[in-house]
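Remarks on the structure that follows.
The values are calculated or read from the model by the stated rules, or taken from the named source; none is laboratory data. Quick caveat: nothing in here was measured; it's all calculated off a predicted structure. All Cβ positions, glycine included, derive from the backbone under ideal geometry; neighbour counts span all protein chains shown.
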């Protein structure tokens, strides 16, 4: 049982390998070239370094968004390509829960906030056991408020955008440190362990799997505005 | 300003690169070959993948133990070797604080416990801001107790050894998930940011730097017993 996890949803990438329940490799990379140039080389490096032949993979774990549109498409295409070829399933997770899983059990409500560019943020809120309190949404920060009784911890790439707005509204909160705020591909193995599901290859499910964009792309918005 | 972080203190390894405050690479590896075969190749891979020439490094961050004796010596030798050659400083951190930093701000006391083999564990306790409550020590689990008023979270490779002992003594506690329990080289950048210190090359400090073993090696103990 060898699982490959892939995340190219943000402006950085991460891949991880788990064999029989043991994390054997993970890498994180944030360099000034695109996912199209880094993701496959990092997957190849992981497999070669760990001496895992590609045909040994039994499942792909993918972060399906929200995030960078190009990154999401590269991740989805890569995961589907490998999965079709090997007839193995793809299990997907959203980027907001993947951010929140680092803070599992922190004794507070977890507000995951990712920078969505265009003066918007992707947001979701969880309790400390990752039960969904607010499902993923794209919002304008100034139009957003949280109604909670209890302590709150803010995490993700948009934490510093959201924090002053919470403060201005008198909502006391903590902020996760940078290393707690970034997603790691291995976090998907943790999410899976919290909520296991059957790992079975299904061509239809695989074919219909799509990134979680949460909004139209900039190109699409421009096209609609020009109509 | 480019920093390399190295951890080979446990039965897994991790290297990370930070450039001008941005984490650009990290890898984690736990495969059945020794650190002597994996650590340098992973450092080389990180530098090559990120196109960082070795002479660009300005500091080395090292996890100096406690942990595997061989691993500690390989990590120390590697860090010193690079640092001597480039005349750059080595900043070191202990493995128990490196484990705890994942849980920074968790609203609980953090008990870091690492498997020390020979029916012993390495332990240290911190508050949620990583202030030291119990400094690193090697103890027999059954001889250990904690006196705290407040919530406790248990983390590290020996968490499952310590947990039933705490339960038996009526000490309520949470356990960190596996991905929160493992050290990451990038965690040293987080520790440094919490408590910055001058990064200056000093030949004497470098020469005198030693691993934090916390006890004699098995070989040393046998030698003394046979005297």
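Exactly one residue among B:70, B:155, B:78 is crowded, with 24+ Cβ neighbours inside 10 Å and either modelled with pLDDT under 95 or more than 14 Å from residue B:212 (Cβ to Cβ) (or both), and that residue is B:155. Checked against (1) at pLDDT below 95; (2) outside the structural domain of residue A:22 (by TED's automatic domain parsing), residue A:130 passes all but condition (1).
Residues are listed down the side, and each one gets a yes or a no for (1) in contact (Cβ under 8 Å) with a residue 24 or more places away in the chain; (2) closer than 16 Å to residue B:158 by Cα; (3) away from every other protein chain (no Cβ under 14 Å):
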position	(1), (2), (3)
B:93	yes, no, no
B:97	yes, yes, no
B:101	yes, no, no
B:124	yes, yes, yes
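Residue-wise test of (1) within 14 Å of another protein chain (Cβ to nearest Cβ); (2) within 22 Å of the chain's Cα centre (by Cα).
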position	(1), (2)
B:128	yes, yes
B:132	no, yes
B:140	no, yes
B:157	yes, yes
B:163	yes, yes
B:167	no, no
B:183	yes, yes
B:205	no, yes
B:208	no, yes
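Regarding residue A:30, is this residue within 27 Å of residue A:126 (Cβ to Cβ), within 14 Å of chain B (Cβ to nearest Cβ) and surrounded by fewer than 22 Cβ atoms within 10 Å (Cβ to Cβ)? Spell out how you get there, then give the answer.
Values: within 27 Å of residue A:126 (Cβ to Cβ): yes; within 14 Å of chain B (Cβ to nearest Cβ): yes; surrounded by fewer than 22 Cβ atoms within 10 Å (Cβ to Cβ): yes.
Yes, satisfied.
Checked against (1) in a loop (DSSP other than H, G, I, E, B); (2) within 14 Å of chain A (Cβ to nearest Cβ), residue B:117 passes all but condition (2). Being within 8 Å of chain B (Cβ to nearest Cβ) and in contact with a helix residue (DSSP H, G or I) (Cβ under 6 Å, 6 or more places away or on another chain) is the filter here; which residues of the range A:185-200 pass it? Scanning the range A:185-200 gives A:186, A:187, A:190.
For the range B:134-144, the criterion of being surrounded by 20 or more Cβ atoms within 10 Å (Cβ to Cβ) and either modelled with pLDDT under 95 or not assigned by TED's automatic domain parsing to the domain that holds residue B:9 (or both) is met by no residue. The set of residues in the range B:44-91 that are over 19 Å from the mean Cα position of the chain (by Cα), in a loop (DSSP other than H, G, I, E, B) and more than 14 Å from chain A (Cβ to nearest Cβ) comprises B:53, B:87, B:88.
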